[in-house]
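The values are calculated or read from the model by the stated rules, or taken from the named source; none is laboratory data. In this text the structure is predicted, and so the values were computed from the model without any measurement. Methodologically, a virtual Cβ is constructed for each residue, glycine included, from the backbone with ideal geometry; neighbour enumeration extends over all protein chains shown.
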Amino acid sequence: MHRQPARAMLIDLDGVLRRWDPEVPATVERTYGLEPGTLLATAMAWELLRPAVAGEITDAEWMYLVASRLPLPEAEAKAAVTEWQRHRGTVDPEALAFVREVRAAGLPVGLATNATDVLRGDLDLLALTDEFDVIVSSWEMKIHKPAPEYFERGCAALGVEAPWVLFVDDDDRAVRGARAQKLPAFRWSGPGDLPYLRKALAIAA
């Protein structure tokens, strides 16, 4: 971590600000007779996920490909994916309170996420749209974490140079990528990390 306090923050969405209930896909899998973990494992297969977050295909096209790989008749596979995708996650209240705390201290905050084209709708649904100074979406930029240009453009959007932008993410690859671009980066493991992050931003608890 940079010895001087950071002057801005980029923070991830999924796994940090947004939580997913594992019981939702588990229930769908039980309903349709799928092996536990099938939905997430299929969707996260890199050859399907990468074009979805790189802005090459839409979220709907991604989910169509996921359904096509499920060991179910076509109609059942589509129904299972549709049922699973109705759940759009929930906001971690402590992480959101921290974002508000940072902005209240006068420091800009950007949402930095590998996302699909449904991101803006999800942010509206979760009442998160107005919680950030900038939104750095991989789908919109056609560049995804941990590509160097992703971090360069994120810092540029904030108007703050990389060594002064605290990057918070739950993914090791993203954290390593940010550090390679000179951002002080921290791997999020939960709200227990907040005291350390406040110190990194020189924000009093």
Exercise for review: Please give the number of the condition S189 fails out of (1) outside any loop (DSSP other than H, G, I, E, B); (2) closer than 18 Å to P93 by Cα.
Suggested key: (1)
**Study point:** Residue within the stretch 142-165 that is under 22 Å from V91 (Cα atoms) and out of contact with any helix residue (DSSP H, G or I) (no Cβ under 7 Å at 6 or more places or on another chain) present
**Key:** no
**Study point:** Residue count, the stretch 125-167 (criterion: touching a residue at least 40 places away in the same chain (Cβ under 8 Å) and either assigned to a loop (DSSP other than H, G, I, E, B) or more than 24 Å from F98 (Cβ to Cβ) (or both))
**Key:** 10
Check your understanding: Hey, does the stretch 26-48 have a residue that's under 16 Å from the mean Cα position of the chain (by Cα) and either more than 30 Å from L197 (Cβ to Cβ) or assigned by TED's automatic domain parsing to the domain that holds R187 (or both)?
Key -> no
Practice item. Considering only residues that are small (G, A, S) and not in a loop (DSSP other than H, G, I, E, B), look in the stretch 87-124 and name the one that is nearest to K145 (Cα to Cα). Key: A112
Point to revise | Output for the stretch 35-68, where each listed residue is farther than 17 Å from P25 by Cα and among the charged types (D, E, K, R) | key: E47, R50, E56, D59, E61
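Considering P5, P25, which residue is in contact (Cβ under 8 Å) with a residue 40 or more places away in the chain and either crowded, with 19+ Cβ neighbours inside 10 Å or assigned to a helix (DSSP H, G or I) (or both)? Steps first, answer last, please.
On the way: P5 fails: either crowded, with 19+ Cβ neighbours inside 10 Å or assigned to a helix (DSSP H, G or I) (or both).
The conditions single out P25.
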Check your understanding: Looking at E101, E140, E131, which one is modelled with pLDDT of 95 or more and either exposed (fewer than 15 other Cβ atoms within 10 Å of the Cβ) or among the polar types (S, T, N, Q) (or both)?
Key -> E140
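From the set of residues in the stretch 104-121 that are out of contact with any helix residue (DSSP H, G or I) (no Cβ under 9 Å at 6 or more places or on another chain) and in contact (Cβ under 8 Å) with a residue 60 or more places away in the chain, which is surrounded by the fewest Cβ atoms within 10 Å (Cβ to Cβ)?
A105
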